[in-house]
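See below for the structure under consideration.
Coordinate-derived values only; no laboratory data. Keep in mind that what you see is a predicted model, and the values were worked out from it rather than measured. Note: ideal-geometry Cβ built from the backbone for every residue, glycine included; neighbour counts use all protein chains shown.
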Amino acid sequence: MAPLIQTRGLTRHFGGLKAVDGVDFTLTQGEIHGLIGPNGAGKTTFVSLLSGRLPAQSGTISLNGEDITRLPAHHRARKGIAYTFQITSVFPRLSVFDNVALAVQSQGTRDLTARTRAALVRVGLDGLEEQEAQTLSYGHQRLLEVAMGLALHPRLLILDEPTQGLAASEIEGFKSLVRSLVPETTVLLIEHNMEVVMDLATRITVLTFGRVLATGTPAEIRANPHVQEAYLGA
Amino acid sequence: MKPWILHIALIAVLATAPLWLSPYHATNLARIMVLAVFAMGYNLAFGYTGLLSLGHALLLAAGMYAAGLPAQLWGWAAGPAFIAGIAGGGLIAAALGLLALRTAGVSFMIVTLMFAQAGYLTLLYFAHVTGGEDGFAVVSSGRVLLGSDLSTDTPRFLAALTIFAIGLLASLALVRSPFGRTMVAMRENEERSRMLGYNPFTVKLAALTLSGLYAGAAGAAYALLFGYVGASFATIQYSILPMLYVLMGGAGTTLGPFLGALLMFALIEAATVLTTAHQFIVGAALVVLILFAPKGILGTIRERWLRWLP
Amino acid sequence: MAFGPFLLLALMEGLVTAAILALAASGLSLVFGVMRVVNVAHGEFYMLGAVLAWAVTTMIPGPPAMAFLAAVLIAPLLVAALAAAADGLILKRLNYDPEATIVATIGLLYILQQAALSLYGPNANPVAAPFTWRIQLPWFGYSGYKLFVVLAAILVLLALWAFMTRTRAGLVMRATQVDRTTAQAFGINVDRVYMGTFALGAGLAALAGVLIVPVQQAQYLMGHDPLLLSFIVVIIGGLGSLRGTLIAALVIGLSDGVISMFFTPTLAKILATLLVAMVLVFRPQGLFGAKA
């Protein structure tokens with residue numbers, strides 16, 4: 001399978017802090033890829049570099065073989081990289097419908113209402129269309145984030161700690177939602193909930209101190225002594 | 001459907017105004033409608049897109065001079081002069097946006113203020129053409145539209161009403177369109193909209209240019225209907241005025257600009273009996289609104305009672 | 001007059017402008033630096049200083065020097081008190097939101113200007129200089145008072161600098177400027193710091209107004225030009241940087257004297273405003289300012 005995303009030597013420092021330090025990373029079309037690591041390992045910085053929220057200092061990023069390292073964030077979004085924020089960043093004073101419609105209409109305005117409804121149904125927020133986003137519960141705001149990401153019909157959906165704040169019952173629904181996305185959409189999942197990652201991911205990459213410690217299947221990662229020492233054992 | 005009925009009903013009521021208003025008040029209403037068009041344009045930038053400009057007087061003056069000067073110098077009739085005015089407002093707004101939209105927030109306010117000030121001073125510098133602070137009266141040949149004389153009461157009122165109605169309905173259609181939603185997204189969360197694939201710079205540039213078309217139309221209408229063009233319309237006061245109207249009526253509401261213009265006009269008219277201190281009323285209104293009712297009248301009504309209000 | 005002495009005269013006039021400008025602009029810069037508030041009513045505090053100086057000197061009998069001394073002490077204090085009240089009644093309630101405070105200070109500008117017009121009237125009134133001593137140079141005579149203005153401004157700015165760097169109050173202000181939340185966590189009463197800063201900024205503008213009034217009469221619209229020039233100085237010098245502000249005041253004050261010999265004042269103003277706008281667009285940290 002051709003790599004959807006490939007980074008070579010990707011680097012971003014903040015002053016003396018090496019948040020992302022020469023990361024080589026490959027994302028295969030159609031997989032659910034888990035990105036784990038202790039707090040401050042550089043996970044969010046890394047996906048911010050992928051989505052273009054932050055510019056890379058050195059190294060390259062390619063999408064389907066095309067170099068996108070210098071492309072601004074909105075161009076990358078149009079090319080199919082969708083990012084859902086770790087700290088929910090919906091449009092607080094707009095209705096649930098308008099939030100998702102904004103994502104839908106950036107792809108074109110045909111059948112806007114129907115497509116927006118479909119995205120809401122998919123995450124189970126139908127019936128809340130007219131509610132103001134800031135009045136939703138935290139869990140529902142997270143689902144709204146995901147709906148906005150889905151509505152972009154992305155080739156790559158980056159989910160930054162999507163289950164944080166979800167109830168156990170909601171997590172089950174979320175897992176089947178993510179499974180239903182592949183293989184049309186490739187998913188990159190940052191997640192602290194190990195059960196969710198091990199259950200969902202086909203492959204996992206472990207970051208520590210801005211570097212890749214290991215990459216492999218969940219079983220390989222679980223068995224890797226370095227990972228156990230640096231992370232799981234802690 | 002409700003919003004469209006409400007807006008068309010307002011236009012219908014205004015159309016009957018000359019029947020129950022004295023000619024003096026009808027002329028004042030025409031003036032208010034023209035200024036409301038200016039404020040509607042300001043509202044598109046400030047109320048919907050979140051661009052707090054302190055330089056809209058430049059756009060008003062651009063429309064005014066772009067209509068008034070050709071009428072004066074080359075004998076253009078009112079129709080082409082009016083179109084030139086709209087284009088002038090839009091063009092200057094686009095140029096302003098290309099530079100000023102590289103900044104945001106407070107810097108944007110100061111940059112727009114400075115460019116407007118430079119424009120005002122430029123009008124003074126070329127006083128032999130522009131008439132400077134004194135301005136000039138537009139020649140009567142330039143105030144004829146389709147055979148009717150815009151300096152007489154009825155044609156003037158009808159022309160003002162037409163421009164107002166088109167402006168109002170166009171703004172209603174705009175803010176209910178997908179692009180209107182995108183404008184609001186800039187106001188609410190620019191970073192998020194970037195991640196949805198929007199380029200904030202181009203969206204804001206388009207919104208500011210639309211705003212400039214409105215300001216240009218208002219400036220041109222003022223010149224042609226009331227027959228006067230002058231640099232005083234480029235002063236900071238005329239940048240503050242639409243902001244005041246919009247804040248009072250309700251930022252981000254389609255009817256707010258008209259309501260604000262109407263109330264502010266009435267307030268000053270009523271206070272004239274008591275005091276000549278107009279500036280005091282303007283100043284106090286600004287402070288009181290920003291302190292106690294930052295959403296304005298219609299913004300508050302929408303929040304409390306009428307959720308469907310556009 | 002030959003070109004040399006002519007240039008000297010222009011430079012001396014420019015120095016007076018620079019001194020007044022440095023006082024007014026450092027007040028604006030202080031308020032922006034510490035509070036992140038763009039005070040559009042700053043020029044009106046300058047105007048009030050001048051108008052109050054006229055009021056004080058007409059009320060107090062006796063030699064001009066005594067009356068003027070009283071004005072120097074009283075007018076800035078009154079204006080500072082007014083500013084403190086405006087801070088508590090308006091700005092604080094807006095939570096110092098940058099855009100809302102601009103709208104509010106625009107309102108304040110209108111209110112103060114109208115108050116001056118209604119109470120003081122539209123006329124310009126002179127204030128007698130505290131002394132009439134003149135310096136006789138080989139080419140021309142020059143007002144000793146104008147040189148006094150320059151000297152006084154230097155002394156006040158030195159005092160301001162010492163206040164900001166050597167006293168506890170100055171330290172507290174600078175700490176608040178760097179990080180409001182942390183300052184609060186360390187037990188600094190941020191509300192009082194803000195009120196004090198706004199009062200100090202207004203007082204500096206008023207003092208500039210008092211000092212200029214024997215040279216230039218007091219009038220209710222006189223705040224416009226200093227406001228614009230202060231903006232120019234603060235932006236060119238780098239928003240919130242006091243050192244940059246002083247350098248920019250010197251450069252702009254001096255060049256104002258010289259430029260107006262070669263350009264019409266209107267053209268000079270057009271170029272200056274365009275320069276400021278361009279600086280903000282392309283070099284927001286200012287021309288002289290260290291990075292914020």
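Comparing A:L188, A:L177, A:L63 in a Gaussian network model of chain A (Cα springs below 10 Å), the most mobile by mean-square fluctuation is A:L177. Structure note, pairs B:K204/B:K295; C:K92/C:K146; B:K2/B:K295; A:K175/B:K204; A:K79/B:K204; A:K18/A:K79: Cα-Cα distances above 27 angstrom occur for C:K92/C:K146; A:K175/B:K204; A:K18/A:K79. Using C-alpha pairs under 8 Å with a sequence gap of at least 6, the mean separation divided by the residue count of segment B:90-247 gives a relative contact order of 45 percent. In this structure the amide hydrogen of A:Y83, modeled in the peptide plane, comes within under 5 Å of the amide hydrogens of A:I158, none closer than 5 places in sequence on its chain. With respect to chain C, whose longest principal axis is taken over its alpha-carbon atoms, helix C:242-262 is tilted by about 30°. For chain C, the longest principal axis of the Cα atoms and the long axis of helix C:168-178 meet at an angle of about 70 degrees.
Counted by neighbouring Cβ atoms within 10 Å, the residues B:H128, A:H140, C:H42 run from fewest to most as B:H128, A:H140, C:H42.
Note on chain C: GNM, Cα springs under 10 Å; of C:A84, C:A116, C:A162, the largest mean-square fluctuation is that of C:A162. Please grab the % of Cα pairs in the protein assembly as shown that end up more than 36 Å from each other. More than 36 Å apart: 56 percent of the Cα pairs in the protein assembly as shown.
Beta bridges from DSSP with both residues in the protein assembly as shown: antiparallel share about 65 percent, rounded to the nearest 5.
The length gained by stretching the chain between B:V288 and B:I11 to full extension, at 0.36 nm per residue less their Cα-Cα distance, is 96.7 nm. By the count of other C-beta atoms within 10 Å, a proxy for reagent exposure, C:L221, B:L263, A:L143 are ordered fewest to most as C:L221, B:L263, A:L143. The simple spin-label model puts a point 7 Å past each Cα toward its Cβ; for B:A95 and B:T162 those points are separated by 2.9 nm. Put the Cα centre of segment A:172-208 next to the Cα centre of segment C:24-74 and the gap is 66 Å. Using 0.36 nm per residue and subtracting the Cα-Cα separation, the extra length available between C:A65 and C:D225 on full extension is 54.8 nm. In this rough spin-label picture, where each label sits 7 Å from Cα along the Cβ direction, the A:T28-C:T165 distance is 6.5 nm. Scalar couplings 3J(HN,Hα) for segment B:283-299, obtained by applying the Karplus form with A = 6.51, B = -1.76, C = 1.60 to θ = phi - 60°, are x, 5, 4, 4, 5, 5, 5, 5, 6, 10, 9, x, 8, x, 5, 6, x Hz; x denotes Gly and Pro. Per residue of peptide B:113-123, the mean number of Cβ atoms on other chains within 10 Å of the residue Cβ is 6.
When only alpha carbons are used to place a centre, segment B:239-310 and segment B:47-69 end up 19 Å from one another.
In plain terms, the residue of B:Y42, B:Y48 with the fewest other Cβ atoms within 10 Å comes first and the most crowded comes last, giving B:Y48, B:Y42. Straight-line cross-link reach from A:K43 at under 16 Å between alpha-carbon atoms covers these aspartates and glutamates, not counting any fewer than eight positions away in the same chain: A:D21, A:D24, A:D160, A:E161, A:E191.
Seen against the Cα atoms of chain C and their longest principal axis, helix C:190-212 is set at about 10 degrees.
Using 7 Å Cα-to-Cβ label points, what is the A:Q131/C:Q184 separation (nm, one decimal)? Going from the A:Q131 label point to the C:Q184 one covers 3.0 nm. Per-residue extension of 0.36 nm, minus the Cα-Cα distance of A:R179 and A:R222, leaves a gain of 13.3 nm for this segment. Here the Karplus relation 6.51 cos²θ - 1.76 cosθ + 1.60, evaluated at θ = phi - 60°, turns the backbone of segment B:201-208 into coupling constants of 4, 6, 4, 5, 4, 5, 5, 5 Hz, with x for every Gly and Pro.
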